[in-house]
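For reference, the structure is listed below as structure tokens.
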Amino acid sequence: MIPGPIEVEPAVLRAMGEVTTSHVAPNFIESFGNSLELMRKIWLAPNGQPFIIAGSGTLAMDMAVCNLIEPNDNALVISTGYFGERYKNILETYGANVTVLQADIGSTVSLELIEKELASKSYKLVTITHVDTSTGILNNPKPIAKLAKKYKTLSIVDGVCATAGEETNQENWEIDIVLTGSQKAIGVPPGLALLVVSENAMKIWKERTTPVQNYYGSFTNWLPIMQAYENRKPSYFGTPPVNLIKALEVSLSIINNEGITNRVQSHISYACAFRKAIQKLGLHLVPKHDEIAANTMSAIYYPEGIDPTSFRKDIAEYGVILAGGLHPEIKNLYFRVGHMGSITKSDLVATLSAIEFALKKQNYTFISGESVGAFLDNL
Ligand SMILES: *Cc1c(COP(=O)(O)O)cnc(C)c1O
């Protein structure tokens, strides 16, 4: 129950274990092409350009920026934790002048502040972390992307802990790039960087006047490959991770068969009930309001007097693995629970029982079973 890598479906694991074919074998070409088409459906971006590249989510962040930024371009980072900081570092690598709007821990940056900044000078792009995995903060990309459009700024959404678990409607919300990694809400083992790029952003990339300062991540190298596979033709630039892409096709099909809207709705229902259960125990979330709390994961402060190390060890003994803190300023004060992908009600009930078990061992006062009760009452 950590926020990635998540548990994967048995059918996805089986695809990982299949015979590794040639990257130009007809059945693999079909899987690759189908995965690209499924990404467009799940991202709700019928006219976007999908990319499937071997690498982690950070490569997807890197590719979004290296293809669009030219030296001395202004870039705005809306930071709600650790991954905003990472975007600043990536942007600076490519010579951007970076401005960071930093939210207080547990809060988001106000739209007024974002608009004021976008109006103050000409920004090439703005980055938004959809769910910051270090704070469990949910940003709503819709109004921010709208502001970006108003000021002719490209919008990039880091959806690594969100895409396929939180509501996104890339084309309708006019977001230029929505990117993720395979091991989060997409439900595949780690190893794939996934991006969908708008027609507008592809045009800006084509019109750039300086070369892309990155070889492996350049659209110049990968666009013809994506187009070939989608047209069911063999092609080669770098060998694609055959089994991971087969597994991706299986997982995207599962998500698409369920329907992305239903999938997101079930994340929201489970997360709401889970938050109610946690609050029933008297525990506090890192996000200050439920409306800005992620539906894919929760960041929860330890109650006072709890020893974090034995707390998490007791939970592990109970058979549940949770994650510790990640945000450097509050690292030892909170823990994280992932609840994305194909998790079930029973997974969440088991997690809540494990949390109660660990709290009881440290003599924290509460009524046994009350979190499970609140979970069921709010489902
Ligand atoms: C996990 C994560 C990343 C980094 O992905 P890696 O696959 O670890 O490189 C980036 N952004 C967010 C929001 C994440 O949750």
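Across region 178-213, what is the total count of residues that are open to solvent by 30 Å² or more (accessible area, probe 1.4 Å), in contact with a Cys (Cβ under 8 Å, 6 or more places away or on another chain) and within 11 Å of the ligand (Cβ to nearest atom)?
So the count comes out to 0.
Within region 111-144, count every residue that is crowded, with 24+ Cβ neighbours inside 10 Å and either away from the ligand (no atom under 16 Å from the Cβ) or outside the structural domain of Glu166 (by TED's automatic domain parsing) (or both).
Residues flagged as crowded, with 24+ Cβ neighbours inside 10 Å and either away from the ligand (no atom under 16 Å from the Cβ) or outside the structural domain of Glu166 (by TED's automatic domain parsing) (or both) within region 111-144 amount to 1.
Does Ile105 qualify as being of a type in the set (A, V, I, L, M, F, W, C) and either open to solvent by 10 Å² or more (accessible area, probe 1.4 Å) or at positive phi (or both)?
Yes.
Being more than 16 Å from the ligand (Cβ to nearest atom) and not hydroxyl-bearing (Ser, Thr, Tyr) is the filter; apply it to region 214-227 and report the residue that is nearest to Lys149 (Cα to Cα).
Phe219
Since Asn89 meets every condition but one in (1) within 16 Å of the ligand (Cβ to nearest atom); (2) touching a residue at least 12 places away in the same chain (Cβ under 8 Å); (3) in a helix (DSSP H, G or I), which condition does it not meet?
So the condition that Asn89 fails would be (2).
Per-residue answers, yes or no, for (1) without any contact (Cβ under 8 Å) to a residue 12 or more places away in the chain; (2) within 17 Å of Ile255 (Cα to Cα); (3) more than 19 Å from the chain's Cα centre (by Cα):
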| residue | (1), (2), (3) |
| --- | --- |
| Glu117 | no, no, yes |
| Lys121 | no, no, yes |
| Thr127 | no, no, no |
| Lys150 | no, no, yes |
| Thr153 | no, no, yes |
| Glu171 | no, no, no |
| Gly187 | no, yes, no |
| Gly191 | no, no, no |
| Asn200 | no, no, yes |
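Can you find a residue in region 154-162 that is in the same structural domain as Leu38 (by TED's automatic domain parsing), open to solvent by less than 10 Å² (accessible area, probe 1.4 Å), among the hydroxyl-bearing types (Ser, Thr, Tyr) and within 16 Å of the ligand (Cβ to nearest atom)?
The answer is yes; a qualifying residue exists.
Considering region 307-351 alone, what residues qualify as being open to solvent by less than 20 Å² (accessible area, probe 1.4 Å) and more than 24 Å from the chain's Cα centre (by Cα)?
Phe311, Asp314, Ile315
Assuming Ala354 fulfils every condition listed in (1) modelled with pLDDT of 95 or more; (2) within 27 Å of the chain's Cα centre (by Cα); (3) more than 25 Å from Val160 (Cα to Cα); (4) open to solvent by 40 Å² or more (accessible area, probe 1.4 Å) apart from one, which condition is it?
(4)
Kindly establish whether Val264 is within 28 Å of Ile42 (Cβ to Cβ) and not assigned by TED's automatic domain parsing to the domain that holds Lys184.
The answer is yes for Val264.
Residue-by-condition table, conditions (1) touching a residue at least 12 places away in the same chain (Cβ under 8 Å); (2) basic (Lys, Arg); (3) open to solvent by less than 20 Å² (accessible area, probe 1.4 Å):
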site: Ile2; (1), (2), (3): yes, no, no
site: Pro5; (1), (2), (3): yes, no, no
site: Val8; (1), (2), (3): yes, no, no
site: Leu13; (1), (2), (3): yes, no, no
site: Val19; (1), (2), (3): no, no, no
site: Phe28; (1), (2), (3): yes, no, yes
site: Asn34; (1), (2), (3): yes, no, no
site: Met39; (1), (2), (3): yes, no, yes
site: Trp43; (1), (2), (3): yes, no, yes
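Determine, yes or no, whether Ala293 is under 22 Å from the mean Cα position of the chain (by Cα) and either open to solvent by less than 20 Å² (accessible area, probe 1.4 Å) or not acidic (Asp, Glu) (or both).
Spelling it out, Ala293 is indeed under 22 Å from the mean Cα position of the chain (by Cα) and either open to solvent by less than 20 Å² (accessible area, probe 1.4 Å) or not acidic (Asp, Glu) (or both).
Across region 215-235, what is the number of residues that are within 19 Å of Tyr94 (Cβ to Cβ) and surrounded by fewer than 17 Cβ atoms within 10 Å (Cβ to Cβ)?
4
The values are calculated or read from the model by the stated rules, or taken from the named source; none is laboratory data. Predicted model, so just to flag it, every value in this text is computed and none were measured. Here the Cβ is made from the backbone with ideal geometry for all residues, glycine too, and neighbour counts use every protein chain on show. All accessible areas refer to the heavy atoms of the entire protein, side chains included, with ligands and DNA or RNA removed. Shrake-Rupley method; radii C 1.70, N 1.55, O 1.52, S 1.80 Å.
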